[in-house]
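All remarks here apply to the structure that follows.
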Amino acid sequence: MKAIIDAHYLPCLEYLAVLLSFEEIILEKHEHYVKQSYRNRCYINTANGILKLVVPITDKHNKALIKDVQIDHSSRWQNIHWRAIESSYRNAAFYDHYHYDIRSILFKDYRFLYDLNLALLSFCLKAMKQSISLTESTFYEKVPQNNIVDLRSVVSPKSAYSERSFYKPLPYTQVFGNKFVTNLSYIDLLFCEGPHSIQILRSSTKRDLNK
């Protein structure tokens with residue numbers, strides 16, 4: 001089975017739990033940009049609680065296709081994001097195993113948000129050792145054909161994951177605090193659990209979307 005879905009920045013656990021239900025994923029490259037979505041933001045765990053990281057985009061994106069939305073590099077956002085990530089996870093058990101690859105992607109100075117998200121998603125799947133086939137849409141279809149499951153804009157920060165039926169949090173040891181924080185960016189799980197992250201994600205998948 002195939003699914004089509006939007007590309008997220010450092011995707012959350014719910015997003016990846018959804019992807020694990022499919023053998024083939026089509027990334028939507030021709031949708032119009034959606035504001036206040038996971039397309040340009042993620043959440044990490046810090047000593048002061050949950051922190052939202054937002055990739056700034058230029059003002060020239062009104063009704064723009066996601067493939068054409070440009071990152072605003074004037075704010076030196078990579079330094080801000082990386083300082084937050086390093087401060088939060090440098091003491092995590094598997095930080096040294098993965099931080100170089102993530103940092104290299106963030107500082108590659110991608111011009112377009114979509115390309116950054118694609119590189120980060122590819123890294124996440126590689127880190128999980130998953131061979132899910134990734135392709136890209138060639139045009140926009142309001143209603144996908146050929147029994148493709150439409151998951152575009154389904155995983156959204158505008159509503160709680162508990163309102164959907166995809167993700168069931170499975171606690172794991174986090175860096176900060178005694179209270180488990182659910183559905184953060186995958187890097188939280190990866191830095192804390194390393195190669196065991198895939199087992200935790202599979203156990204967090206609430207239902208088989210192929211059915």
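The values are calculated or read from the model by the stated rules, or taken from the named source; none is laboratory data. Everything numeric in this text was worked out from a predicted model, so none of it was measured. Every residue, glycine among them, receives a Cβ derived from its backbone with ideal geometry; neighbour counts consider all protein chains shown. Only protein heavy atoms, including side chains, enter the accessible area calculation; ligands, DNA and RNA are left aside. Shrake-Rupley method; radii C 1.70, N 1.55, O 1.52, S 1.80 Å.
Only residues that are farther than 13 Å from Cys12 by Cβ and touching a residue at least 40 places away in the same chain (Cβ under 8 Å): list them for the range 142-157, please. If the condition is that a residue be farther than 13 Å from Cys12 by Cβ and touching a residue at least 40 places away in the same chain (Cβ under 8 Å), then Pro144, Asn146, Asn147, Ile148, Val149, Asp150, Leu151, Arg152, Ser153 are the ones that fit. Evaluating Ser165 against the criteria (1) within 25 Å of Ile71 (Cβ to Cβ); (2) at pLDDT below 95 leaves one unmet condition, (1).
In the range 96-107, what residues are open to solvent by 20 Å² or more (accessible area, probe 1.4 Å) and either assigned to a helix (DSSP H, G or I) or free of Cβ contacts under 8 Å to residues at least 12 places away in the same chain (or both)?
Quick first cut of the range 96-107, residues open to solvent by 20 Å² or more (accessible area, probe 1.4 Å) only: 96-101, 103-105, 107.
Once the filter is applied, which keeps residues that are open to solvent by 20 Å² or more (accessible area, probe 1.4 Å) and either assigned to a helix (DSSP H, G or I) or free of Cβ contacts under 8 Å to residues at least 12 places away in the same chain (or both), the range 96-107 yields Asp96, His97, Tyr98, His99, Tyr100, Asp101, Arg103, Ser104, Ile105.
A single entry from Tyr89, Tyr110, Tyr15 fulfils the requirement of being free of Cβ contacts under 8 Å to residues at least 40 places away in the same chain and crowded, with 16+ Cβ neighbours inside 10 Å: Tyr110.
Residues that are among the aromatic types (Phe, Trp, Tyr) and in contact with a strand residue (DSSP E or B) (Cβ under 9 Å, 6 or more places away or on another chain): does the range 186-209 have at least one? Yes, there is a match, as at least one residue in the range 186-209 is among the aromatic types (Phe, Trp, Tyr) and in contact with a strand residue (DSSP E or B) (Cβ under 9 Å, 6 or more places away or on another chain).
Of the residues in the range 62-72, at least one is open to solvent by 30 Å² or more (accessible area, probe 1.4 Å) and assigned to a strand (DSSP E or B).
Could we say that Leu10 is within 12 Å of Ser185 (Cα to Cα), crowded, with 22+ Cβ neighbours inside 10 Å and in contact with a helix residue (DSSP H, G or I) (Cβ under 7 Å, 6 or more places away or on another chain) here?
Details: within 12 Å of Ser185 (Cα to Cα): yes; crowded, with 22+ Cβ neighbours inside 10 Å: yes; in contact with a helix residue (DSSP H, G or I) (Cβ under 7 Å, 6 or more places away or on another chain): yes.
Judged against the criteria, Leu10 is a match.
Being in contact with a His (Cβ under 9 Å, 6 or more places away or on another chain), touching a residue at least 60 places away in the same chain (Cβ under 8 Å) and outside any loop (DSSP other than H, G, I, E, B) is true for just one of Leu190, Leu118. Which residue is that?
Leu190
When Ile44 is tested against (1) open to solvent by 10 Å² or more (accessible area, probe 1.4 Å); (2) out of contact with any Pro (no Cβ under 7 Å at 6 or more places or on another chain); (3) not acidic (Asp, Glu), just one condition goes unmet, and that condition is (1).
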